[in-house]
Amino acid sequence: MTRKIDKRACRKLAMPELEFNLNEGVLHVESCPYIIRTAVRNIGGQRILMLYIYQRENILAGSIKPRWVMFQSRDDFATLSLRENASATWQCSVLDSLDRIYRFDTKCAFYRQQDEARAARFCKCEHSAISALICLQWSISRRKALERKRKKQRAIIERMKYVPVLPRDLKGFIHREVMPQYIFYDYRRKGPEHAFCTACRHEVSIAAAKHNTSGTCPRCKKQITFKSRGKSTRLFDRATVQVLQKTESGEMLLRIIKVYRAFTGENTPAYYSVYENARYFILPRSDGQCSTSPYYLASAYKDDLTPWKAGYRPQFLSWRDSFEQGAAGHLYFRNLAELLRDTPWQYSQIEAFARVVTEMDAISYLNAYVQWPVIEYLVKVKLFRLVRDIVNGSFSFMIGKTINREGKKLRDVLKLDHSWLPLLQEVDPGIAQLNVIQWFINTGKKPDAAMIKWCIENAIQDVSVLAELLSHMTMHKLMRYADAQYEIRIASTKAPEYIRYYNMANLLADYRDYLRMCKELQYDVESSFILFPRNLKSAHDHAVQALDVKRTADQEKAIVDSFDEWQRLYQYKGKDFMVIPPHSSKELVDEGTALHHCVGRYIERVAQHECVILFVRKITEPDKSICTIEVRDGQVTQARGFGNANPPAKIKAFIERWKRRVLYASDEAAA
């Protein structure tokens with residue numbers, strides 16, 4: 001063990017009364033800005049070498065206070081940094097990087113030969129005392145780092161002592177419940193021959209098969225995929241398995257198992273690997289949540305005591321999921337009934353959920369159950385997508401509004417009558433789709449399974465869009481029209497005006513916008529010709545053009561009419577700069593073009609008095625754009641120069657004066 005230096009005793013010797021002869025040549029060598037003097041003392045029963053490090057310029061100025069004092073023993077070292085403000089702090093830098101100065105040792109020189117000889121004797125070398133001292137410090141640093149590392153590893157080893165063995169039937173569970181199964185066969189015109197099922201590991205007789213299609217093994221009744229041996233020369237599978245256990249110390253433990261399997265044209269795997277990848281110790285907290293202590297298995301170096309490392313596995317690319325780093329997977333459920341007895345999760349239904357949902361995160365489920373005990377009820381009534389959204393935190397902003405966590409019955413939990421349960425079980429909605437169902441029922445539209453399945457398949461979540469569209473038509477008419485338009489747009493890729501809808505939600509949003517524009521243009525939206533245009537995209541674009549013409553005239557008039565009022569409220573002249581409002585919408589467009597920012601898109605907001613746009617100009621160059629100001633609710637919300645950059649300090653100061661003298665004054669006058 002390293003014997004540490006007594007820092008309290010060392011601090012008493014940090015200010016020696018040493019004298020310097022200003023005629024010494026070393027004090028006038030500019031390439032050596034730091035001067036070292038040495039002493040050896042017995043401190044706390046240890047022989048300590050002390051290096052007093054001075055700044056040359058301070059010595060020449062008459063100050064003999066050292067900048068650093070380094071205390072060096074055979075087993076330890078420490079440096080006391082003395083600041084000009086009389087503060088002193090300890091640091092552990094070695095001499096060649098003291099105070100983060102690169103190659104600090106090359107900028108140092110001993111004051112006299114006796115100082116260098118004293119350091120050399122202490123380091124047991126005849127020459128190059130500084131190099132020997134640095135080597136000694138680096139060896140001490142490495143030894144101390146190794147001691148700290150092994151101390152942590154001993155704690156890990158101690159914790160791992162209580163980990164039980166894995167379930168004896170784990171490999172059988174992985175083979176039967178987790179890994180995909182195949183039937184390999186030889187293709188023959190008269191029918192497949194020599195078919196072998198990897199699930200039951202027997203030769204089977206099959207009448208027909210097609211490569212890469214799904215089927216059922218006639219012997220074990222497992223779901224399989226047919227693979228022709230002539231086409232499947234290499235086949236790789238991988239999976240993650242989670243095993244929940246209790247340690248001997250009573251902690252809950254989640255163990256992550258990784259599985260790799262490869263077939264290379266034979267009936268049996270050419271490569272099959274099952275190994276433990278990570279461990280998560282789960283500790284319940286007083287607030288009901290679970291804190292986890294993660295460990296991961298890594299390659300062990302020669303001085304490591306254990307291959308287990310504390311923390312989460314490092315990820316090579318933070319934005320890309322890594323199979324080795326991921327923890328979600330298949331949960332081993334055969335031990336859960338006994339394992340969770342007399343725990344907060346005894347009635348969590350995690351086993352029933354794990355049997356249905358193949359990919360899950362057990363820790364997220366246990367955490368979610370503590371906050372949302374209604375998960376037990378939802379699993380029992382087989383609403384698995386709702387449970388998955390709660391566990392994964394999907395649509396977290398919507399969960400509290402859609403589901404009542406304190407409810408005891410279906411009417412309370414899902415805010416729906418029990419008569420709707422068969423429909424819910426048939427469509428198995430998520431949080432977003434349940435919100436749509438609730439909206440349908442609350443508005444008296446009585447949805448059926450076809451409507452809800454259509455919303456689920458097309459990821460329809462925005463009830464505000466549906467509300468506007470369904471005020472003009474029934475849901476079934478909307479579905480037929482939207483499906484037809486979606487197919488037309490996808491099929492007509494050769495049309496020059498083609499713009500593909502990436503999803504149905506985008507199509508419905510365009511449809512909603514189209515009907516809004518038709519109302520503003522005072523079209524008859526009750527007419528089927530207007531309500532159901534043959535080509536929605538083309539009709540939408542024509543409506544945009546027609547509305548632009550109408551709006552441009554209205555907006556131009558609104559801006560021109562407001563000029564006098566804005567000039568009275570906001571115009572201001574300083575010594576060099578002035579603030580002026582725009583005369584027209586064209587000036588807003590020109591300002592955005594000149595300064596390369598987006599103020600040209602603010603025409604509608606300015607015309608509707610949602611905000612006021614003002615220009616900062618030089619008095620000598622009133623037509624040259626230099627800065628744009630946005631005022632909203634009596635406050636400057638932004639000021640932008642060229643390329644959306646912040647304005648220079650001069651203009652910032654001018655804007656502050658304008659705010660004090662004009663903007664706030666106009667607010668007070670208005671009040």
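Using the Cα centre as the reference, give the magnitude of the dipole from point charges on the C-beta atoms of the chain (Lys, Arg: +1; Asp, Glu: -1; all else neutral), rounded to the nearest 20 debye.
3020
In nanometres, what is the gap between the two model label sites at residue 173 and residue 131, each 7 Å from Cα along Cα-to-Cβ?
Those two pseudo-labels are separated by 6.2 nm.
For a protection proxy built on the mean count of beta-carbon atoms within 10 angstrom, sort 207-217, 48-58, 581-591 highest first, please.
Packing proxy ranking, top to bottom: 48-58, 581-591, 207-217.
Tally up the carbon and sulfur contribution to the accessible surface of the chain as a whole percent, 1.4 Å probe, everything protein left in place.
Ligands and nucleic acids excluded, carbon and sulfur reach 50 percent.
Calculate the length of the line joining the C-alpha centroid of the stretch 14-82 to that of the stretch 549-578, in whole Å.
The stretch 14-82 and the stretch 549-578 have Cα centres separated by 72 Å.
Among 459, 395, 175, pick out the residue whose Cα is farthest towards the positive end of the charge dipole of the chain, where Lys and Arg carry +1 and Asp and Glu carry -1 on C-beta, about the Cα centre.
175
Amide H neighbours of residue 38 under 5 Å, counting only residues 5+ apart in sequence or on other chains, H built in-plane at 1.01 Å?
52
Could I have the simple spin-label model distance between residue 270 and residue 299, label points 7 Å from Cα toward Cβ, reported in nm to one decimal?
Spacing of the two 7 Å Cα→Cβ label points: 2.5 nm.
Please give the FRET efficiency for residue 513 paired with residue 558, using the beta carbon to beta carbon distance and R0 = 22 Å, rounded to the nearest 0.05.
0.50
Which order do the peptides 184-192, 105-113 take when ranked by the mean count of other beta-carbon atoms within 10 Å per residue, highest first?
Per-residue Cβ counts within 10 Å, averaged per peptide and sorted highest first, yield 105-113, 184-192.
R0 = 30 Å: FRET efficiency of residue 351 with residue 468, Cβ-based, nearest 0.05?
In this case the efficiency is close to 0.10.
Could you work out how much longer the chain between residue 653 and residue 260 gets when fully extended? Use 0.36 nm per residue separation minus the Cα distance between them, nm to one decimal.
134.9 nm
Along the Cα→Cβ direction, 7 angstrom out, place labels at residue 636 and residue 286. What is the inter-label distance in nm?
4.9
Can you give me the Cα centroid spacing of the stretch 519-534 and the stretch 266-333 in angstrom?
Comparing the Cα centres of the stretch 519-534 and the stretch 266-333, I get a distance of 59 Å.
Can you tell me which aspartates and glutamates have their Cα less than 17 Å from the Cα of residue 4? Leave out same-chain residues fewer than eight positions away.
75, 76, 147
For the stretch 73-169, state which GluC sites (Glu not before Pro) are in a DSSP loop and have at most 13 other beta carbons lying within 10 Å of their beta carbon.
For GluC sites (Glu not before Pro) across the stretch 73-169 that sit outside H, G, I, E and B with at most 13 neighbouring Cβ atoms in 10 Å, the list reads 84, 126.
Please list, by residue number, everything in the stretch 93-117 whose backbone N is under 20 Å from a paramagnetic label point 7 Å out along Cα→Cβ of residue 65.
Answer for the stretch 93-117: 99.
Given R₀ = 41 Å, what would the calculated FRET efficiency be for residue 608 paired with residue 364, taking r from the Cβ atoms and rounding to 0.05?
Between residue 608 and residue 364 the formula returns 0.35.
So, with +1 on the Cβ of K and R and -1 on the Cβ of D and E, and no other charges, what is the size of the charge dipole of the stretch 63-155 about its Cα centre, to the nearest 20 debye?
The dipole of the stretch 63-155 has a size of about 600 debye.
Given a 1.4 Å probe, how much area per residue of the chain is accessible, in Å²?
Heavy-atom accessible area per residue stands at 55 Å².
Taking 0.36 nm per intervening residue step and subtracting the Cα-Cα distance, what contour gain separates residue 251 from residue 186 on full extension?
18.2 nm
May I ask you to order 505-518, 300-313 by the average number of other C-beta atoms within 10 Å around their residues, highest value first?
Packing order, densest peptide first, comes out as 505-518, 300-313.
What does the charge add up to near residue 370, with Lys and Arg as +1, Asp and Glu as -1, over the other residues with Cβ less than 15 Å from its Cβ?
Net local charge, residue 370 excluded: -2.
The values are calculated or read from the model by the stated rules, or taken from the named source; none is laboratory data. Please read all numbers here as calculations on a predicted model, not as lab measurements. Neighbour counts are summed over all protein chains in view; Cβ atoms, including those assigned to glycine, are modelled from backbone coordinates with ideal geometry. Areas reflect the complete protein model, heavy atoms only, side chains present, ligands, DNA and RNA absent. Shrake-Rupley method; radii C 1.70, N 1.55, O 1.52, S 1.80 Å.
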